[in-house]
Every structure is written in C-alpha cells, then in structure tokens.
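Inspection log for the structure reproduced underneath, given as structure tokens.
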Amino acid sequence: MRGSKILITGASGQVALPVALALAADNEVWGIARFTDATARERLEKAGVRCEAVNMAAGDFNGLPTDFDYVLNLGVAKSGRWDKDMAANAESAGLLMAHCRGAKAFLHCSSGAVYDPPGDEHRTERTVLGDNHKPLLPTYSITKIAGEVVVATMARALGVPATIARLNVPYGDNGGWPLFHLELMLSGTPVPVPPGGPAVYNPIHEDDIIAMIPKLVEVASVPATTVNWGGDQFVSLQEWCTYLGSLVGKEPVFEETDQTLRGNPLDVAKMHELIGATTVDWRDGMRRMAATFHPELISH
C-alpha cells in the first residue's frame, strides 16, 4: 500500500497505533480517536499521521473527507455500557461506510470473541456464534457480532467491498493481553484461567498484523469476505505465561475460575488461502514485547 489515502479508526489503540505508524511512511494516513492519550497523538503526528478527535459512539464524521481509498476500522469500545458500546462497535461502522462510500475497501476488525461453541474445537468461519466474553466483558461479543452484521449489510447496500477479520489475541511492542499476564506475575498476582485443560489461542504479533493489512483489503468483496485472523501457532495461556515467567524469574500461579475467558483456538485455513501465513514465532514476539516494557529485566 503506497500512495494511498487511508483512514484508521481507534488510531491511538493497541492494534491501530503500530499499523498507522507503519502505513504513514508511504501513504497519507488519517487517524481518528478520542485521543485522551496526548502522548499517543504526539507520536502519531510526528510520524506524519493527521489526527482528528472523533467520538465513534457519536457517529459524526462530517468533519472528515470522504475520498479515502481505504478505511481500516480498528477502533473498539469496552465500556460495559450497552448504549455506548453498541453505538461505537456497530452503528458507527455503518455510518462510517456511508460517509466513505467511495472507498476501494473497508476493513472491519472483528474478534474471535464472536464464537461460542460448547467445546474447544478449532473455530472455522462457520462455527456457532455467541456471548463468549460475557464473564469479563458483558457487551463485547454481542456488539462485535452486531458490528459484523452492520458491515455486511452496508457492504451490500452501498456496494462497498468489505473484509470482516476476526482477530485473535493481538500483541507486540505496543502491549496486549500477554503483557497483562506478565504484569500480574510481576506483581505476585495469580493468573485467572478457566477450569479444565489449557486455554488455547492463536496469538498474532503486530508485525504480522501490519504485513497482512494490504492483503486483507485486497480480498474485500461484496458480499463481505469474513476470515479468521490469528497466528499460525496454537499456544495456551498457561504456556505463554510460563515462558514469560521464565524470562523474568517468576513462576506463574494459576487460579481456576469461571469468571474468565475460555480458550478460543481459530482455524486459520481460510486465512492461509486468502492472505497467507504468519511469520513471527510466538516466543520471539513475546520476548520482544517483554523486553520493550521491562528492559531492566530482559535484554533485547
């Protein structure tokens, strides 16, 4: 992606910020968010990203241009308020597509949290949906499902090619869920895990996320293309905590509870077919992440 005009939502967030920084090198990138973090905004602007303060839940995009080549909808709300999260995670996507109806492609970042089968089988794009994240984030899964429906509907109504990508455990030098677990271990706090066997996921490093963006927009279509988006390696929460603990001299203490997330392994066969494979080994990526946030404990 070079020489394109790109709009990125949630630009100050964990996933979107490194994407915006990478794309700004060769494109005209606009980033929208509430920008309550002044440091993140300054970092983006220094890289050439044009930042505009926009409240996604309000859905007012009148101050933005309409001539973007690509829209990357990477923003997310997890307030726990149904009105706010439904507006930000679902309604705003449709309003943004209507505002940017001339775009070549609209990438909507959804989540593996939309799946809720009864067992631990690998989730394909046709696996049963449900309220997977209810124990911790009561609005998250439902508003993510609603967002997918809005995007799929607007793609057909407006003729805007769209990709709905179901992301699974993003992490990297800008943080992520595994970093949260590392901080728990460093503070001596038990790590919550679901009862039963290991909780397996497909963690995906931000380098692979950035590398896959061009292909994700390339496969956008009408009707929308839906694809799982995760790392090639299946890694349990217990496994990455044990590895991170070994880097900092902390042995994790696991505490079984129903009030946490179940494992959520994704079948990435369709991703391989449409987009390709990931390249960052999870141990390398997590070591880099740990070294970024705790250089006093881990050498790069």
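The values are calculated or read from the model by the stated rules, or taken from the named source; none is laboratory data. Note that the coordinates shown come from a computational prediction; the quantities given were computed from them, not determined experimentally. In this analysis, Cβ positions are derived from the backbone assuming ideal geometry, glycine residues included, and neighbour counts consider all displayed protein chains.
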Boolean, Ala162 is touching a Ser or Thr at 6+ places or on another chain (Cβ under 9 Å), farther than 20 Å from Val280 by Cα, among the small types (Gly, Ala, Ser) and buried (at least 21 other Cβ atoms within 10 Å of the Cβ): yes
Selection within segment 213-240 - more than 16 Å from Gly276 (Cβ to Cβ) and either surrounded by fewer than 19 Cβ atoms within 10 Å (Cβ to Cβ) or touching a helix residue (DSSP H, G or I) at 6+ places or on another chain (Cβ under 6 Å) (or both): Ser221, Val222, Pro223, Ala224, Phe234, Val235, Ser236, Gln238, Glu239, Trp240
Candidate set from segment 263-281 (those that are charged (D, E, K, R) and in contact (Cβ under 8 Å) with a residue 12 or more places away in the chain); member that is nearest to His122 (Cα to Cα): Asp267
Residue list for segment 280-297, filter: within 16 Å of Lys250 (Cα to Cα), buried (at least 17 other Cβ atoms within 10 Å of the Cβ) and aliphatic (A, V, I, L, M): Met286, Ala290
Selection from segment 247-286 of residues that are more than 19 Å from Ile210 (Cβ to Cβ), within 25 Å of the chain's Cα centre (by Cα) and part of a helix (DSSP H, G or I): Ala269, Lys270, Glu273, Arg283
Elements of type strands (runs of 3 or more DSSP E) in segment 166-234, at least 1 residues being within 21 Å of Leu247 (Cα to Cα), out of contact with any strand residue (DSSP E or B) (no Cβ under 6 Å at 6 or more places or on another chain) and in contact (Cβ under 8 Å) with a residue 24 or more places away in the chain: 170-172
Residue within segment 122-137 that is within 19 Å of the chain's Cα centre (by Cα) and in a helix (DSSP H, G or I) present: no
Residue match in segment 19-34 (condition: of a type in the set (Lys, Arg), more than 27 Å from Asp173 (Cβ to Cβ) and surrounded by fewer than 24 Cβ atoms within 10 Å (Cβ to Cβ)): no
Test: residue in segment 225-234 that is at pLDDT 95 or above and more than 30 Å from Arg126 (Cβ to Cβ): no
